[in-house]
Every structure is written in C-alpha cells, then in structure tokens.
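Note sheet for the following structure.
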Amino acid sequence: MQSLHDWIQGQMKVLSRHSDTAKAFAYLLKQWDALNLYCSNGWAEIDNNIAENALRGVALGRKNWLFAGSDTGGERAAVLYSLIGTCRLNGVEPEAWLRYILGHI
C-alpha cells in the first residue's frame, strides 16, 4: 500500500490539477486512511448499505414525521428509531430490549 501511495503522490506532481485522473487521485488520497483500514481489517465493510437500508423506513415515512408535535418530539423519535434499528442490526428483539431497559431505569 505504501508503494501505491508513493506512486500516486509522484503522479500528482506531474499531472494537471484539473485533469480527471488528478481529481480521482486526490479523492483517493483523502480516503487513504479508510482504504488502509479496509485493507488491513477483514471485518470492515466496503460500504454502508446495511445502515442505509435500515434508514429506508424513516425516509419513506417522512411525511408522517411532520406530526411529531415539536422539534424535541422529532429528536426523540429519531433516537428511538436509531435504537430500534441498532437492535435489529444486532439480532435483538427491539420490544423485549426496550422492556428490559425501561424496567431497569
């Protein structure tokens, strides 16, 4: 990875800043730490499709959220949706988890 990084940096010195290749290399260099994490950690996901799909229901019901009552109500609903989505992603039954948590507060 280091030799690739060095080569890209060398190419950036000879390319026009306005060329498409230079723009692509600049983007790659901005994402370099994330790329290294992905290449060194087999558990790292290449994309965030799981998180985006979890939020799809929120986007589809956006008109319904107009009736949260207030900004604070909307923020609380967002927190609740986040907790429920996290439960689902981790294979935890949301209703059982909420009962457990509320019973121990």
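Here, each number is a calculation from the coordinates, and none is a lab measurement. For clarity, every value in this text was computed on a predicted model and none was experimentally measured. Every residue, glycine among them, receives a Cβ derived from its backbone with ideal geometry; neighbour counts consider all protein chains shown.
Observations
- Using the Cβ of ILE101 as centre and a radius below 14 Å, the other residues enclosed give a net charge of -1, where K and R count +1 and D and E count -1.
- Potential extension, TYR81-ALA59 segment - 0.36 nm per residue separation minus Cα distance: 6.8 nm
- A helix-only calculation puts the chain at -20500 deg cm²/dmol for mean residue ellipticity at 222 nm, using -39500 (n - 2.57) for each DSSP H run of at least four residues, averaged over all residues.
- Normalised per residue, the volume of the convex hull around the Cα set of the chain (Å³): 188 Å³
- For the chain, the longest principal axis of the Cα atoms and the long axis of helix 20-30 meet at an angle of about 60 degrees.
- Charged neighbours of ALA78, selected by a Cβ distance under 14 Å, balance to 0 (K, R count +1; D, E count -1).
- Radius 14 Å from Cβ of ASN53, net charge of other residues (Lys, Arg +1; Asp, Glu -1): -1
- Relative to the longest principal axis of the Cα atoms of the chain, helix 71-89 runs at roughly 80 degrees.
- Just so you know, the Cα atoms of the stretch 49-103 work out to an Rg and Dmax of 12.3, 33 Å.
- Taking every alpha-carbon pair under 8 Å whose residues sit at least 6 apart, the stretch 1-95 reaches a relative contact order of 13 percent.
- Computed label-point distance, nm, for sites GLU52 and SER16 using a 7 Å Cα→Cβ extension: 3.2 nm
- Taking every alpha-carbon pair within the stretch 16-70, the share separated by more than 15 Å comes to 69 percent.
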